[in-house]
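Take a look at the structure set out below.
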Amino acid sequence: MSQILIPDFGRSTSLLYQDLYFAKKKPVVHTTVSEAACTVCQKGLDDGMSITAKRIGLHLRLFCQYHFPQE
Ligand SMILES: [Zn+2]
């Protein structure tokens with residue numbers, strides 16, 4: 001709850017605004033985030049998979065516990 005007291009408003013001596021709600025503009029979020037999913041089988045954390053990231057060359061790939069490449 002918020003109150004704003006404005007003294008000497010027009011003819012009345014004061015004006016009291018009560019219960020004001022200031023609508024806030026929601027910020028637009030631009031993101032490139034996508035759900036982590038295995039590169040091979042496309043299964044993610046929602047499927048109960050454990051996702052591990054591994055750098056292959058210049059790229060970062062995500063693998064589940066079944067498709068994680070062995071050295
Ligand atoms: Zn997989």
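The values are calculated or read from the model by the stated rules, or taken from the named source; none is laboratory data. Being a predicted model, the structure only gives us computed values, none of them experimental. Here the Cβ positions follow ideal geometry from the backbone for every residue, glycine too, while neighbour counts run over all protein chains shown. Surface areas here come from the heavy atoms of the whole protein model, side chains and all, with no ligands, DNA or RNA. Shrake-Rupley method; radii C 1.70, N 1.55, O 1.52, S 1.80 Å.
Put simply, of 66, 21 the only residue that is open to solvent by 90 Å² or more (accessible area, probe 1.4 Å), within 16 Å of the ligand (Cβ to nearest atom) and outside any strand (DSSP E or B) is 66. Residues of region 32-63 that are more than 16 Å from the ligand (Cβ to nearest atom), of a type outside the set (Gly, Ala, Ser) and at pLDDT 85 or above: 55, 58, 59.
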